[in-house]
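Take a look at the structure set out below.
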Amino acid sequence: MSDSDDKIRKQAEKLLKDGLKTEVFPRAYTQEQIQDVLTRIRQSDGSLEQRLIIGGFTLYPIEDEDIEQACETCMYYLVHRRYCELPELDVPVEAEWSCRLWRI
Amino acid sequence: MANLLWLQGGACSGNTMSFLNAEEPSAVDLVTDFGINILWHPSLGVELGDNMKALMESCVSGETDLDIFVFEGSVVNAPNGTGEWNRFAGKPMKEWVRLLSDKAQFVVALGDCATYGGIPAMAPNPSESEGMQFLKRERGGFLGPDFVAKSGLPVINIPGCPAHPDWVTQILVAVASGRAGDLTLDEFQRPKTFFSSFTQTGCTRNMHFAYKVSATEFGQRKGCLFYDLGCRGPMTHSPCNRILWNRQSSKTRAGMPCLGCTEPEFPFFDLEPGTLFKTQTVMGVPKDLPTGVDKKGYIKLTGAAKAASPEWAEEDMFVV
């Protein structure tokens, strides 16, 4: 499980480092916005690339109104596995990454 | 011997079903061991038609002492304040409620509809429903803010959808055995014995709450239901995890988010689409935080708790 996670995590990191354009903004702050993003992910081909793009991933935390939105503090983040457990995203991540579905 | 009369207004009978399942004490114990004489109850009463009407009239006239009047369901005022949509024994039920409340030593509102209006009183409230002495958080309701029963106590509110059977029978026993003076009521007239602690108190998922590990889907045995699935356990007053349901479990123990049914605002957000079983957030932070916790403190606590969380907290475990 861990090797497989590492492999996917590295793949995601490479995609983002290579300049994959992700939808960082607008952040999904309202219930409607959250639902829109989740629906789009569900309707996509489900590939890692699409999840990163629609989820709005970055390799660094986004800060808004003095709140740092890092995976590390997100409710969907499993600290020890370094994993985003939101069923639609379901992706290995790093603590300092961020996405627009962040919630605390 | 304490005479008890039980009527239903805008009700689904859920609290009656709950009451009949009581165990400590049971509905039968109330009669055999605690001297409660059930004059009439919608599911247990023998009298029908004119005999039932005569029984209620004898309570109203004072011929029969009415010690405890229990009302289940909302007080229906529609249409146009007449109460004609809910007639009973020849007149609008709300008239009986007024007459009997004025004669009773104790008035008990049972279930969320009788206490605060509940589901029938949610917008747009076509039945013009209200609770006995509250409409949601607003004190007043059908009997008015100044109403007190003959005993001097206001309406004793036992909320819940339904109320736990043992809350009902234990409160009835306290009243019938002359210990009503021991009942201290909170600001929403709920007995403090039952409604001071939170639903979360005793929840087997508390360790996941503490380490900020969220349940993300129903059926998961790990994870707290507050963070994503709309659980209101940390801000709802009830003993659901202290006095277990069916002596076995509770909603949250079984993986079902608490809906906050013992609070006056229930059902929250008027059941708008997307609000049920979904934690409402503002910029990613829960709109309703655990009681007494502010946003800044919550964010700090979450960061620290997640950083300190042990590996086992992320693993599936048997929590029922």
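The values are calculated or read from the model by the stated rules, or taken from the named source; none is laboratory data. Values in this document were obtained by computation on a predicted structure and should not be read as measured data. Glycine gets a Cβ as well: all are built from the backbone with ideal geometry, and neighbour counts include every protein chain shown. Calculation scope for accessible area: heavy atoms of the full protein, side chains included, ligands and nucleic acids excluded. Shrake-Rupley method; radii C 1.70, N 1.55, O 1.52, S 1.80 Å.
What the table below lists for this structure:
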item	result
At 0.890 mPa s and 25 °C, Stokes D of the protein assembly as shown from Kirkwood alpha-carbon radius, µm² per second	103 µm²/s
Geometric extent, Cα atoms of segment B:243-290 - Rg, Dmax (angstrom)	12.8, 40
HN-Hα J in Hz across segment A:90-100 - Karplus 6.51, -1.76, 1.60, θ = phi - 60°, x for Gly and Pro	6, 9, x, 9, 10, 4, 8, 6, 8, 8, 7
Whole-percent carbon and sulfur share, accessible surface of segment B:222-320, 1.4 Å	59 percent
Value in Å of the Kirkwood radius, where segment B:173-320 supplies the Cα pairs that are averaged	16.5 Å
Segment B:2-193 - Debye-derived log10 I(q)/I(0), Cα point model, q = 0.13, 0.18, 0.19 Å⁻¹	-0.60, -1.25, -1.41
For the protein assembly as shown, accessible area per residue (1.4 Å probe, heavy atoms of protein chains only), Å²	43 Å²
Evaluated over segment B:40-97, the Cα radius of gyration and Dmax, each in Å	12.0, 33
Within-9-Å neighbourhood charge of B:Asn3 [Cβ basis; K, R +1; D, E -1]	-2
At most 16 other Cβ within 10 Å, DSSP loop - chymotrypsin sites (Phe, Trp or Tyr not before Pro), segment B:233-320	B:Phe277, B:Phe318
Amide H contacts of A:Ile104 (H built 1.01 Å from N, under 5 Å, at least 5 apart or other chain)	A:Met75, B:Val285
Area hidden from solvent between B and A (accessible, protein heavy atoms only, 1.4 Å, total, Å²)	2200 Å²
Chain A: calculated mean residue ellipticity at 222 nm from DSSP helix runs of at least 4, using -39500 (n - 2.57)	-11000 deg cm²/dmol
Radius 12 Å from Cβ of B:Cys261, net charge of other residues (Lys, Arg +1; Asp, Glu -1)	-1
Occluded residues from segment B:224-239, i.e. those whose accessible area drops by 20 Å² or more once the chain is not alone (1.4 Å probe)	B:Tyr227, B:Asp228
Estimated D of chain B in µm² per second, where Rh is the Kirkwood radius over Cα pairs and Stokes-Einstein applies at 4 °C, 1.567 mPa s	63 µm²/s
Convex hull volume of chain A per residue (C-alpha atoms, cubic angstrom)	90 Å³
Whole-Hz ³J(HN,Hα) from phi, Karplus 6.51 cos²θ - 1.76 cosθ + 1.60, for segment B:244-252, glycine and proline x	6, 7, 6, 6, 10, 7, 8, 4, 5
